[in-house]
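Taken together, the values in this text are just the output of simple stated rules run on the coordinates, not laboratory data. Just so it is clear, the structure is predicted and the values come from calculations on it, not from any experiment. In this analysis, Cβ positions are derived from the backbone assuming ideal geometry, glycine residues included, and neighbour counts consider all displayed protein chains.
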Amino acid sequence: PEIKRRCRFWPACSNRNCKYVHPRQECQAHPNCSFGNNCIYVHPSDVPKIGAVIASRHSRRSKRKIDIVKLNNLERYLPPLHTPDDPALH
């Protein structure tokens, strides 16, 4: 069972069995949210941290054997994938 408290290592948590919340949705109360860094939802101030985790996930120095993006619910922040037929590639 998840504990209703934000994981202090999110968005870079590597604990597959973490019992804390890894935020999935944007905070509807922002900018008037009274929970700040303890909010269990994503705030705009979290986006640079998310970007850094996504950018470093393929680094040669990364020894993680797990997909840190999936583990921390960050898929929606990934850049869109391009298909071979995508006009953006031509």
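Amide H contacts of Glu26 (H built 1.01 Å from N, in plane; Pro and chain starts excluded): Val42 sit under 5 Å, all sequence-distant by 5 or more or on other chains. Inter-label distance, Arg5 to Asn38: 0.9 nm, where each label sits 7 Å from its Cα along the C-beta direction. Here's how it looks for Tyr20: its modeled amide H is under 5 Å from those of Ile3, which are all 5 or more places away or on a different chain. A full extension of the chain between Glu26 and Lys49 corresponds to an added length of 6.8 nm, given 0.36 nm per residue minus the alpha carbon distance. Using 0.36 nm per residue and subtracting the Cα-Cα separation, the extra length available between Lys70 and Ser14 on full extension is 19.1 nm.
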